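Reviewing the structure listed below.
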Amino acid sequence: MSLAFIIFLVAWIAGMVCTFLPAVPATLIIFAGAAIAVLLDGFQAGADLPFLLGFGLVTLLVMSVDNVASAWGAKKYGGGKEAMWGAIVGGLLGMLLGPLGLFVGPLVGAFAAELLFARKPLEDAGRSAWGTLVGILAGIGAKLVLHFVMGIYTLWRLWEPAQRVVGGG
């Protein structure tokens with residue numbers, strides 16, 4: 001195994017564990033590990049630049065899963081546009097409060113938006129907040145799967161026997 005393979009493997013494992021810690025940018029850890037590994041492996045613009053650009057785009061998309069999932073959950077459980085926007089704004093504001101804020105922010109945002117702006121009863125606002133929690137948990141699950149796929153693909157690229165099979169080394 002090459003140094004690049006080992007460095008990425010460590011970053012990937014750290015990112016997989018950090019997927020469950022809301023304030024830690026797990027996807028960025030995995031991306032940084034891939035970028036460092038590619039540089040250590042002898043960067044070749046023709047093969048590595050498209051890989052890093054694609055990986056960067058996937059990284060940005062995966063990082064948005066949290067907000068999209070919480071808004072989806074609010075909507076799925078009967079929340080209106082107000083709950084969706086409340087979950088998104090609450091999630092963004094929650095980031096300022098640390099790890100717990102990333103869970104609590106979207107719930108409070110959806111709940112408050114349903115009560116204050118949509119003028120829904122307490123029970124309906126609570127259902128929207130519950131949906132936000134379901135969405136957050138679904139988002140964590142989706143990120144876990146995406147992180148797994150990102151890692152397996154990158155490990156395959158860096159694995160020396162695989163490079164010989166596909167003609168990369």
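Considering each of Leu52, Leu102, Leu107 in turn, give the residue that is open to solvent by less than 60 Å² (accessible area, probe 1.4 Å) and either touching a residue at least 40 places away in the same chain (Cβ under 8 Å) or at positive phi (or both). Selected residue: Leu102, the only one of Leu52, Leu102, Leu107 that is open to solvent by less than 60 Å² (accessible area, probe 1.4 Å) and either touching a residue at least 40 places away in the same chain (Cβ under 8 Å) or at positive phi (or both). Within segment 73-83, identify whether any single residue is of a type outside the set (Gly, Ala, Ser) and either open to solvent by less than 50 Å² (accessible area, probe 1.4 Å) or closer than 30 Å to Gly151 by Cα (or both), and answer yes or no. The answer is no, given that none of the residues of segment 73-83 is of a type outside the set (Gly, Ala, Ser) and either open to solvent by less than 50 Å² (accessible area, probe 1.4 Å) or closer than 30 Å to Gly151 by Cα (or both). Looking at this structure, is Leu28 surrounded by fewer than 20 Cβ atoms within 10 Å (Cβ to Cβ), under 21 Å from Ile140 (Cβ atoms) and more than 17 Å from the chain's Cα centre (by Cα)? Considered against the rule, which asks whether it is surrounded by fewer than 20 Cβ atoms within 10 Å (Cβ to Cβ), under 21 Å from Ile140 (Cβ atoms) and more than 17 Å from the chain's Cα centre (by Cα), Leu28 comes out as no.
In this structure, Ser70 qualifies as modelled with pLDDT under 95 and in contact with a Pro (Cβ under 6 Å, 6 or more places away or on another chain).
The values are calculated or read from the model by the stated rules, or taken from the named source; none is laboratory data. Values in this document were obtained by computation on a predicted structure and should not be read as measured data. Virtual Cβ from ideal backbone geometry, glycine too; neighbours counted across all protein chains shown. The protein model used for the area step is the full one, side chains on, heavy atoms only, and it has no ligands, DNA or RNA in it. Shrake-Rupley method; radii C 1.70, N 1.55, O 1.52, S 1.80 Å.
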